[in-house]
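Below: the structure, in structure tokens.
Read the figures in this text as sums done on the coordinates, not as results from a lab. Bear in mind the structure is a predicted one, so any value in this text is a computation, not a measurement. Positions of Cβ are generated from backbone atoms using ideal geometry, with glycine treated the same way; all protein chains shown enter the neighbour counts.
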Amino acid sequence: MADPNCIHMKPEDFEHLSRVLTAVGEDMQTGWSRHRAAIESSESRIGRDPLGSAFRREYGPARESVLALADPLPGRWLTQGKNGTDAVALYFLAQQDATGCFPR
């Protein structure tokens, strides 16, 4: 059984998953930017009359809640992809350093 205190990584698999996370983050960023622009465009058509004003009072807090959750999501996926890529690079560096400690 593997020692739970040790780090075990299949770098090729981890690198692949990091690329997948990055690709999802990029797609999400593109899609969310497009949808956010559509939302903002639609909001510009909400009137300033009494009905529109009443709607804005109810709509505003829900809007802010959704944006607060959705805006950072693409960046989180991109960050995780970058962190994974960096971890693989560090793993290979550590492996190279460790290999250099053994006599040839």
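Before moving on, here are some points about what is shown:
- Charged-residue dipole, Cβ positions (Lys, Arg, Asp, Glu), the chain about Cα centre, Debye nearest 20: 360 debye
- Unit Cα scatterers, Debye sum, the range 38-96: log10 I(q)/I(0) for q = 0.16, 0.27 Å⁻¹: -0.66, -1.05
- Averaging the sequence gap over all C-alpha pairs within less than 8 Å and six or more residues apart, then dividing by the number of residues, gives the chain a relative contact order of 53 percent.
- Label reach from GLU26 (point 7 Å along Cα→C-beta): in the range 90-104, no amide nitrogen lies under 19 Å.
- Spin-label pair GLN80-SER41: with each label point 7 Å from Cα along the Cα-Cβ axis, the two points sit 3.0 nm from one another.
- Gyration tensor (Cα) of the chain, equivalent ellipsoid semi-axes in angstrom: 49, 13, 9
- 222 nm mean residue ellipticity, helices alone, for the chain (DSSP H n ≥ 4; -39,500 (n - 2.57); rounded to 500): -28000 deg cm²/dmol
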